[in-house]
Each structure stands twice: as C-alpha cells, then as structure tokens.
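Written below as structure tokens is the structure these notes are about.
The values are calculated or read from the model by the stated rules, or taken from the named source; none is laboratory data. Predicted, not measured: the structure shown is a model, and the values here were computed from it. With ideal geometry, Cβ positions are generated from the backbone for all residues, glycine too; neighbour counts draw on all protein chains shown. In case anyone asks, the SASA skips ligands and DNA or RNA and just uses the protein heavy atoms, side chains included. Shrake-Rupley method; radii C 1.70, N 1.55, O 1.52, S 1.80 Å.
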Amino acid sequence: MKVEDFNFELPEELIAQDPIKERTDSRLLVLNKKTGKVDHKIFKDIIECLNPNDCLVLNNTKVIPARLIGIREKTGAKIEFLLLNRQENDQWEVMVKPGKKVVIGERIIFGEGLLIANILEKLENGNRIIQFEYKGIFEQILDELGEMPLPPYISHQLEDKDRYQTVYAKHAGSAAAPTAGLHFTNELLEKIKGKGVEIAYITLHVGIGTFRPVKVDNIEEHDMHSEFYWITEEEASKINNAKAKGGRVIAVGTTSCRTLETVANDNGTINESKGWTDIFIYPGYKYKMVDALITNFHLPESTLIMLVSALAGKENVMGAYQVAIENKYRFYSFGDAMMIL
C-alpha cells in the first residue's frame, strides 16, 4: 500500500490556527463505517451518538511546556530544546535546534541559570541525552520557563495554555495534546455519564513523533515512534464490563485507540498493563477492541489518517474528508471533530 494513496489537497485556510471559543461548539462530522454515510452535527450533540452501556475511553495525559529557549554557555548562541522522554535522575531525551554544533560536555543555560542542561550523549537520530541542574521543584521551573510545544502547522501564539490541554488532563508527560479530547467539557462529560455511558481513562504520553512524516513509499516499511502508556485494573474492568454488556468501546483520539489495540487480547478484553507501544495501524489491520472512534481531521499521508482508514475503510474516509473540505470544516489540532461509528 502506497503513502500517496492517503494524499488529499487541503486549502491552507482550513488549517485551524486558534482554538474555537467554546470547546463544545466545534463541528462534528459523523461517518458510518459500514455505509459511508455522513451526517453533520455540533460536538455538544455527540450525546445523540452514544448509547447506554457504551464506554468512552479518554487519554488523561497532560502536555508539559516542553519547549525551552536557552543559550550555549560557551558562545551565548540561542538554542531551543524540545523535551521528549523523561528518564531517571533528571535526565531527558531532547530534540535540539540548531543541534549540529552542540557537543557532549556542553552546558546550556535557561532562565539566567534557573535551569542548566549538561549534554551527556548524542543519539543516532540526532537527539541528545541531557541532565538538568536546578534548585527547587522541576515542574514549577518548567512551568515558568517552558512554552507549549504547538505543532509545526500552527503559526499563531497560544494565548491560554489550558486550551492545549483536555479538561481531564492529569498525568504530565506529553509533548503534544491528545487533541480529540479538546472538544469535551466537564459539563458534557457529566451529561454523557447521565445517559448511562461509562467513562474510562487510560494514559499514553504523546511523543513529538506523532508529527513525523512517513518517508517511505510503501507504508509497511515505516517505523513508528514508541510511546509510554498504562492502564489500571479499575479502568480495564470498566472497559471489559461495557463489552460484556454489549456496549461499544469508543476511543477518544488515536492515542487511546493505539493503546487499547496494543493491550487487547484476542478475545477482545484487556488487562491492567504498562509499557511502550509502537503499534502501527493501517488498512488490513483487524481491530480487536475499538468499535468506534472520535478524532480530529489529520494530515495527508500521515499514520493517523491510515489508522482511521483501517477502522472505516480508506474509500469511506477519503470521501468523508472531501465532504469536510467542501463544507469548510477546520482541520488538525484546533480543528473540528469526526466520529466513526
């Protein structure tokens, strides 16, 4: 299967640069995966698409302000870090820009010495392993110095950091938001519970690799980035109980979807689990757990549109995307939503 099979022309003006004023006022395109039929709704009306005994699975990861601007101690030159993976003893894997001249042993200064990074190792992919020095609480320092790492297709400055977080964000560790969840408010979630829908939370820390393009012609040759996840016994039980009652498991976002499919047993149940996943879902994949999906509109030729196509069929998805373009839906992280059922 070729990457170009998932290409489409998107007018630049449809790339949402700012979040909509009210989260639940986003538009919602509903796609029937069996018939290809498309309906148009407002996100707050998603409750009409949900049934008692369904289980909505949300990713409660929290985006950290992972973009840091500092200077090289020995030259004073400006340097940018993007924090990717936290390791032990205040060590991190980071993306460095510009990175060619940054060598092992160098020190990078942030916030006039509030935070100092020592370069320990250069990885094959060009990233660095660094160790931070600081006094106080790291999370507080990062919140003071760091910026939200918005995707490369967003050029506007984000006025309110909280708009790049879900209202249920809990566990800090992501370099990007699970954006399908940005449409929910606590009020809407309460209404959904009131209809008899179970809400379950899993955690997957979204890596910056989620924006990495597919650079091979044949998609089967693409190597996925790896991301850390965990599911508690209590949340796994909620999901299994919904299945046992005949309800649907509805993943909110591709991150929830990938996590569920990583841990799903062949009989369609899951257990408490923790680990790393590099699962790559594309057409031909047989879903074991996920019945329906709430997601945003994704980039052409991305692994995310391939995942969506595996659930709903490539022709249905590409057709729905054309309908969305014709109806001027807003695309990508701050854009409108799509539900596949």
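General remarks:
- Options ALA236, LEU114, GLY335, ranked by Cα towards positive dipole end of the chain, top entry (Cβ charges): ALA236
- Rounded tilt (10° steps) of 233-244 against the dominant C-alpha axis of the chain: 20
- Note on LYS74: lysines with a C-alpha under 29 Å away, same-chain residues under 8 apart excluded, are LYS97, LYS100, LYS101, LYS122, LYS135.
- Listed residue (ASN51, ASN32, GLY70) projecting farthest to the positive dipole end of the chain, Cβ model: ASN51
- Coarse-grained scattering of region 212-274 at q = 0.12, 0.15, 0.19 Å⁻¹, given as base-10 log I(q)/I(0) from a Debye sum over alpha-carbon atoms: -0.39, -0.56, -0.78
- Dipole magnitude for the chain: about 220 debye, using +1 per Lys or Arg Cβ and -1 per Asp or Glu Cβ, origin at the Cα centre.
- Among the chymotrypsin sites (Phe, Trp or Tyr not before Pro) in region 258-339, none sits in a DSSP loop with a Cβ that has at most 10 other Cβ atoms within 10 Å.
- Accessible area per residue in Å² at 1.4 Å probe, computed on region 196-332: 40
- In plain terms, the chain from LEU114 to THR185 could stretch by 22.0 nm, reckoned as 0.36 nm per residue minus the Cα-Cα distance.
- Relative contact order for region 67-147: 27 percent, from Cα pairs under 8 Å spaced at least 6 residues apart, divided by residue count.
- LEU120 accessible area, assembled protein chains, probe 1.4 Å, Å²: 70
- Under the simplified labelling scheme, the ARG163-VAL323 pair shows an inter-label distance of 2.9 nm, with each label point 7 Å from Cα along Cα→Cβ.
- Selection from ILE154, THR295, ILE137, by position along the positive dipole direction of the chain (Cβ): THR295
- Where the Cα pairs of region 44-162 fall when distances are cut into 10 Å bins, in %: 11, 39, 26, 11, 9, 4, 0
- For MET289, the solvent-accessible surface computed with a 1.4 Å probe is close to 0 Å², ligands and nucleic acids excluded.
- Charge dipole (debye, nearest 20) of region 156-268; +1 at Cβ of Lys and Arg, -1 at Cβ of Asp and Glu: 440
- Between 0 and 90°, nearest 10: helix 303-312 axis offset from the chain longest Cα axis: 10
- Antiparallel beta bridges, as assigned by DSSP with both residues in the chain, represent about 70 percent of the total such bridges.
- The simple Förster model, with R0 at 35 Å and r as the Cβ-Cβ distance, assigns PHE8 and ASP143 a FRET efficiency of 0.35.
- Using only side-chain charges placed at the Cβ, +1 for Lys and Arg and -1 for Asp and Glu, the dipole size of region 41-200 relative to its Cα centre rounds to 420 debye.
- Taking the protein heavy atoms of the chain in the context of the full set of protein chains, the accessible area attributed to carbon and sulfur is 46 percent at 1.4 Å.
- Solvent-accessible surface of region 1-145, taken per residue with a 1.4 Å probe and all protein chains present: 55 Å².
- Peptides ranked, highest mean first, by Cβ atoms within 10 Å: ranges 169-175, 258-264: 258-264, 169-175
- Sequence-distant contacts, meaning Cα pairs under 8 Å at least 6 residues apart, place the relative contact order of the chain at 25 percent.
- Estimated D of the chain in µm² per second, where Rh is the Kirkwood radius over Cα pairs and Stokes-Einstein applies at 25 °C, 0.890 mPa s: 117
- Loop-located trypsin sites (Lys or Arg not before Pro) across region 50-153 with a Cβ neighbour count of 11 or fewer within 10 Å are LYS74, LYS100, LYS101, LYS135, with loop assigned by DSSP.
- Over the chain: helical MRE at 222 nm, DSSP H runs n ≥ 4 each giving -39500 (n - 2.57), nearest 500: -5500 deg cm²/dmol
- Stretch gain in nm, segment ASP90-ASN241, where the contour uses 0.36 nm per residue and the Cα spacing is subtracted: 50.4 nm
- Estimated at the nearest 10 Å², the accessible area of VAL63 is 10 Å² with a 1.4 Å probe.
- Among the GluC sites (Glu not before Pro) within region 6-107, those in coil by DSSP and having at most 16 neighbouring Cβ atoms inside 10 Å are GLU9, GLU22, GLU73, GLU88.
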